[in-house]
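Engineer: Quick one: the structure is below, and I'll ask about it shortly.
The values are calculated or read from the model by the stated rules, or taken from the named source; none is laboratory data. Bear in mind that the values here come from a model prediction, so they are computed numbers and not experimental data. Backbone-built Cβ (ideal geometry, glycine too); neighbour counts: all protein chains shown.
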């Protein structure tokens with residue numbers, strides 16, 4: 001039903017982005033099938049620092065581990081971080097935004113204050129502080145990234161409730177005796193699913209980049225586990241002797257995030273055909 | 001102008017207090033203090049008696065609300081405490097780092113604005129053309145790059161392979177040392193600015209007043225220079241302001257990569273040494289800077305667009 005528009009705008013973004021994201025998901029799920037070796041255990045010093053070639057398509061690292069296999073498994077970590085952190089952010093943002101807009105009053109002031117506070121602290125700095133407290137690891141990473149960028153979805157949810165509160169069908173639901181929460185989540189939420197999906201898609205790309213940044217600083221996933229960020233962090237010291245160690249994990253991050261960004265753009269064009277202004 | 005300034009400052013103060021409180025609570029309520037961290041890493045063992053004395057000295061045994069009150073009172077007078085690690089005042093520690101950080105952040109933003117706005121502008125003037133497509137592919141790629149990876153690649157190519165530029169460090173503070181970190185840091189905002197400028201210029205090009213200007217015979221060059229640029233600027237300025245936040249986040253990583261002696265690398269080092277006064281100080285400094293920039297941006301609106309009065 002929306003196909004004509006899809007062809008006019010955002011078609012290419014959607015397909016290229018969707019393709020890249022699908023590829024990343026397939027790689028992550030099928031990792032044990034397509035990886036050639038175990039990403040952590042299969043170290044062999046005889047094979048240390050072999051440049052990309054026929055035997056090792058992406059080369060090997062200082063411990064002789066196959067970079068290709070490590071990147072394949074790294075997709076699991078990156079996608080987990082992206083999806084889980086965005087689910088958390090959306091849940092927090094939507095719950096706070098809906099309740100603040102619907103109930104108003106002091107609760108609205110509190111939520112608005114919190115949102116402004118979140119916007120005043122650069123999210124990577126906030127995540128870094130949380131990682132500093134919780135210590136490195138996947139779980140802390142999910143918490144740190146899942147708690148620090150809900151302000152966009154919160155704002156959208158709040159604005160939408162405010163404008164829909166007086167609509168006939170919402171009032172009708174109230175007269176029918178629906179509870180507040182039921183109204184918020186069954187009557188209002190469906191109206192903002194589109195923009196929320198767009199925000200979450202773009203946010204996943206951001207979360208993957210943050211994972212890489214935090215792991216690079218030594219605050220994210222610790223070696224030997226193959227996260228793309230921790231691979232880069234290890235590779236940095238060998239940039240002169242073994243540049244391929246840095247090139248391939250970086251490209252993996254780039255194409256995955258590019259895919260998510262293109263997909264987000266494409267979805268935005270479908271959900272919000274009027275928008276010409278890109279993400280601010 | 002003055003009214004805007006006062007109003008903004010009045011808004012900033014509660015936010016700052018909230019940030020101070022949040023940072024304080026985060027680091028004091030949650031487990032893992034500096035002292036307990038000293039024994040944990042397994043490399044150092046520490047005499048319990050010494051630990052006890054240090055706790056007393058640093059006031060870590062006071063109840064939370066007492067410490068909080070002390071912290072707020074000290075912070076309000078510009079005293080950010082003494083670094084656990086170097087025993088220097090945190091303000092002095094940060095003071096040495098502010099100028100290099102500012103230089104890097106502004107150099108990156110300058111690069112982003114020059115390249116981003118130019119690309120976006122050229123793209124918008126010929127929508128659908130090759131220039132447009134190339135610029136936008138360039139822009140979406142810039143948004144998807146991990147900035148430190150890009151920095152690492154720049155370092156490899158231009159410093160290690162071609163030997164054109166120094167690979168890391170601050171040097172004597174000259175131009176050659178800042179080029180690579182500034183480009184690595186600026187590429188994200190550059191990409192976003194290219195996209196925003198394109199969208200903003202396209203919007204303005206279709207506006208009624210531009211059609212009027214054209215129909216009364218104004219040359220295309222004047223239409224673009226006089227009406228379009230000026231109006232697109234408002235949106236561009238907004239993005240610049242918002243981007244300073246993520247720029248300062250990313251600066252932490254880029255500073256660390258290029259061994260740049262800024263607030264960001266101080267923050268990371270302090271985190272690893274669990275030097276909490278320094279960590280808190282750095283975070284406050286970064287937030288303060290971000291809020292200050294956004295105040296300046298609000299003032300810039302008034303200067304650019306006479307319709308904005310802030311008379312609400």
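Engineer: Tell me which of these residue B:296 doesn't satisfy, since it passes every other one: (1) at pLDDT 85 or above; (2) assigned to a helix (DSSP H, G or I).
Structural biologist: The number of the failed condition is (1).
Engineer: Shifting gears a bit: Which one of the conditions (1) away from every other protein chain (no Cβ under 11 Å); (2) modelled with pLDDT under 85; (3) surrounded by 20 or more Cβ atoms within 10 Å (Cβ to Cβ) does residue A:132 fail to meet, given that it meets all the rest?
Structural biologist: (1)
Engineer: Among (1) free of Cβ contacts under 8 Å to residues at least 40 places away in the same chain; (2) out of contact with any helix residue (DSSP H, G or I) (no Cβ under 7 Å at 6 or more places or on another chain), which single condition is residue A:87 missing?
Structural biologist: Going through the list (1) free of Cβ contacts under 8 Å to residues at least 40 places away in the same chain; (2) out of contact with any helix residue (DSSP H, G or I) (no Cβ under 7 Å at 6 or more places or on another chain), residue A:87 breaks only (1).
Engineer: Which residue is surrounded by the fewest Cβ atoms within 10 Å (Cβ to Cβ), if the candidates are limited to the stretch A:101-126 and must be more than 20 Å from the chain's Cα centre (by Cα) and either closer than 17 Å to residue A:200 by Cα or in contact (Cβ under 8 Å) with a residue 60 or more places away in the chain (or both)?
Structural biologist: This residue is A:103.
Engineer: Still on this model: Restricting to the stretch B:189-208, name every residue that is surrounded by fewer than 24 Cβ atoms within 10 Å (Cβ to Cβ) and more than 17 Å from residue B:124 (Cβ to Cβ).
Structural biologist: Scanning the stretch B:189-208 gives a single hit, B:208.
Engineer: Looking at (1) within 19 Å of the chain's Cα centre (by Cα); (2) assigned to a helix (DSSP H, G or I); (3) buried (at least 19 other Cβ atoms within 10 Å of the Cβ), find the lone condition where residue B:260 falls short.
Structural biologist: Looking at each condition in turn, residue B:260 falls short on (2).
Engineer: Consider residue B:127 carefully, then state whether it is in contact with a helix residue (DSSP H, G or I) (Cβ under 8 Å, 6 or more places away or on another chain), outside any helix (DSSP H, G or I) and without any contact (Cβ under 8 Å) to a residue 60 or more places away in the chain.
Structural biologist: no
Engineer: Something else about it: Among the residues of the stretch B:139-164 satisfying the criterion of being touching a residue at least 12 places away in the same chain (Cβ under 8 Å) and surrounded by fewer than 18 Cβ atoms within 10 Å (Cβ to Cβ), which is farthest from the other protein chains (Cβ to nearest Cβ)?
Structural biologist: B:158
Engineer: Quick one: residue B:220 ticks every box in (1) more than 21 Å from residue B:96 (Cβ to Cβ); (2) touching a helix residue (DSSP H, G or I) at 6+ places or on another chain (Cβ under 6 Å); (3) at pLDDT below 80 bar one, so which box is it?
Structural biologist: Failing condition for residue B:220: (2).
Engineer: Go through the stretch A:137-148 and give me each residue that's touching a helix residue (DSSP H, G or I) at 6+ places or on another chain (Cβ under 8 Å), assigned to a loop (DSSP other than H, G, I, E, B) and surrounded by fewer than 20 Cβ atoms within 10 Å (Cβ to Cβ).
Structural biologist: Scanning the stretch A:137-148 gives a single hit, A:147.
Engineer: Restricting to the stretch A:217-267, name every residue that is more than 8 Å from every other protein chain (Cβ to nearest Cβ) and not in a helix (DSSP H, G or I).
Structural biologist: Within the stretch A:217-267, A:220, A:221, A:222, A:223, A:224, A:225, A:226, A:227, A:241, A:242 meet the criteria.
Engineer: Filter the stretch B:220-257 down to residues that are more than 13 Å from every other protein chain (Cβ to nearest Cβ) and either surrounded by fewer than 23 Cβ atoms within 10 Å (Cβ to Cβ) or under 17 Å from residue A:209 (Cα atoms) (or both), then give me how many there are.
Structural biologist: Residues that pass the stated criteria total 12.
Engineer: Tally time: how many residues in the stretch B:1-58 are farther than 25 Å from residue A:126 by Cα, in a helix (DSSP H, G or I) and modelled with pLDDT of 65 or more?
Structural biologist: 15
Engineer: I'd like to know if the stretch B:264-278 contains one or more residues that are under 21 Å from residue A:212 (Cα atoms), under 11 Å from the mean Cα position of the chain (by Cα) and assigned to a helix (DSSP H, G or I).
Structural biologist: Checked against the condition, which is being under 21 Å from residue A:212 (Cα atoms), under 11 Å from the mean Cα position of the chain (by Cα) and assigned to a helix (DSSP H, G or I), the stretch B:264-278 yields at least one hit.
Engineer: Got a number for residues in the stretch A:149-204 being surrounded by fewer than 21 Cβ atoms within 10 Å (Cβ to Cβ), in contact (Cβ under 8 Å) with a residue 40 or more places away in the chain and assigned to a loop (DSSP other than H, G, I, E, B)?
Structural biologist: So the answer is 1.
Engineer: If we scan the stretch B:87-94, do we find a residue that is at pLDDT 75 or above, surrounded by fewer than 18 Cβ atoms within 10 Å (Cβ to Cβ) and assigned to a loop (DSSP other than H, G, I, E, B)?
Structural biologist: Yes; the residues of the stretch B:87-94 include at least one that is at pLDDT 75 or above, surrounded by fewer than 18 Cβ atoms within 10 Å (Cβ to Cβ) and assigned to a loop (DSSP other than H, G, I, E, B).
Engineer: Something else: Output the residue which, of all residues in the stretch B:119-134 that are buried (at least 23 other Cβ atoms within 10 Å of the Cβ) and under 25 Å from the mean Cα position of the chain (by Cα), is farthest from the other protein chains (Cβ to nearest Cβ).
Structural biologist: Top of the filtered list is B:119.
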